[in-house]
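Structure first, then comments.
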Amino acid sequence: ARASFSAPPPDAIASARVALLYRQAPPTLPLAALVAGICVWVLWDAADRTALLAWFAGTSLVVALRFLVVRWYRAADRPASEAALWEARFVAGAAVMGGAWAILALAIGAGSHAHQLFVGLLIGGLAVASMGIFAASRRAFLWYAVPMLVALGADFVVDGGEINAAMAMLVAVFLAALWRVSSHLHQTVIQNIERGIENERLLAEQRGLFDAATAGILFLRDLRIVDCNREVERIVGYSRAELIGHSVRMFFPDQAAWDAKVEESYRAVLEGRLYRSEMQLRHKDGTHMWCDVSGQAVVPGKPELGAVVVCTDI
């Protein structure tokens, strides 16, 4: 029977959304400063240089403050109860940054048609990129993209003329399309987060059952231990950390016993059969004990993909 899907708690989803926002933000901040520098270089002869430098200084300050907020968030594990507060801080930073680009469109972007085209393409590109960066928060996208696009449309309206009026209408259509697409992206992010949380819960339950088993269970690949449960630790005396990655040769008292059992068991596993035998294994303290051991390939006939071994102390 298929297990029913239970929706994760809203706090857990909000916490995961905010964590995603702050995880995606750091690489974009240096790029924002770089783009602002390129704008200064392109518009140096087309705008008031004092205003341009003041805009660049203010934009750089915003980038630096956003970077500090990201570092602050990532400095410690944040409880789910603080998710709304941290999202509000992120949205505030996005809004200020969107306002900075809006100022560029309104005050500094005015100039030749080539410079206006540069600013228009820049703002359009930033808005499109923000859909993915801010997909975890619709508010962040709204407060970042809308100010700059509204400012760009307003700049076209102020300049007047049929072409500029048509451009303003296109900006409005572009904004509506971006909002629709961003809503779908946001929904996809939420669904992925829900599945991830549910998968983590199921894995935790499976791990609990795995460790609660009264028989020792090992997963092997190339005769090396990939994973094991607590009963294996009890039987052989080694901790899981000491066992992972090591060959099961460590359990055998001598090379002859090892060679014989490997050949016997490998033949059975290769043929897709269940192998079972009573064998003497070595404990960490050097003593020996008899165990009932059975194993088979995870995929019958393909031992290279791994095997599962069940061991019982008899």
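The values are calculated or read from the model by the stated rules, or taken from the named source; none is laboratory data. No experiment lies behind these values; they were computed from the predicted model shown. For neighbour counting, all protein chains shown are included, and Cβ atoms are generated from backbone atoms with ideal geometry for every residue, glycine included. Heads up: the accessible areas ignore ligands, DNA and RNA and are worked out on the full protein's heavy atoms, side chains in. Shrake-Rupley method; radii C 1.70, N 1.55, O 1.52, S 1.80 Å.
For residues in the stretch 38-57 being part of a helix (DSSP H, G or I) and open to solvent by less than 30 Å² (accessible area, probe 1.4 Å), which is farthest from VAL91 (Cα to Cα)?
Per the stated criteria, the residue is LEU43.
Between SER81, SER6, SER60, which is at pLDDT 90 or above, polar (S, T, N, Q) and surrounded by fewer than 17 Cβ atoms within 10 Å (Cβ to Cβ)?
Testing whether each residue is at pLDDT 90 or above, polar (S, T, N, Q) and surrounded by fewer than 17 Cβ atoms within 10 Å (Cβ to Cβ) leaves just SER60.
Does SER182 satisfy being more than 14 Å from VAL309 (Cα to Cα), among the small types (Gly, Ala, Ser), open to solvent by less than 40 Å² (accessible area, probe 1.4 Å) and in contact with a Lys or Arg (Cβ under 9 Å, 6 or more places away or on another chain)?
Taking the combined requirement at face value, the residue satisfies it.
Say whether the condition of being of a type in the set (Asp, Glu) and either over 30 Å from SER247 (Cα atoms) or open to solvent by 70 Å² or more (accessible area, probe 1.4 Å) (or both) is met by at least one residue in the stretch 206-218.
No: the stretch 206-218 contains no residue that is of a type in the set (Asp, Glu) and either over 30 Å from SER247 (Cα atoms) or open to solvent by 70 Å² or more (accessible area, probe 1.4 Å) (or both).
Only one of LEU149, LEU126, LEU142 is touching a residue at least 60 places away in the same chain (Cβ under 8 Å) and either crowded, with 22+ Cβ neighbours inside 10 Å or under 37 Å from the mean Cα position of the chain (by Cα) (or both). Can you tell me which? Give the derivation first.
Working: LEU149 fails: touching a residue at least 60 places away in the same chain (Cβ under 8 Å); LEU142 fails: touching a residue at least 60 places away in the same chain (Cβ under 8 Å).
When all the criteria are applied, what remains is LEU126.
Tell me the residue from GLU231, GLU200 that is modelled with pLDDT of 90 or more and under 30 Å from HIS246 (Cα atoms), please.
One residue alone meets the criteria, GLU231.
All but one of (1) surrounded by 13 or more Cβ atoms within 10 Å (Cβ to Cβ); (2) of a type outside the set (Val, Ile, Thr); (3) touching a residue at least 12 places away in the same chain (Cβ under 8 Å) hold for ASN164, so report the exception by its number.
(3)
Let me confirm something: among LEU68, LEU21, which residue is over 29 Å from GLY160 (Cβ atoms), assigned to a helix (DSSP H, G or I) and open to solvent by 90 Å² or more (accessible area, probe 1.4 Å)?
After ruling out the rest, the residue left standing is LEU68.
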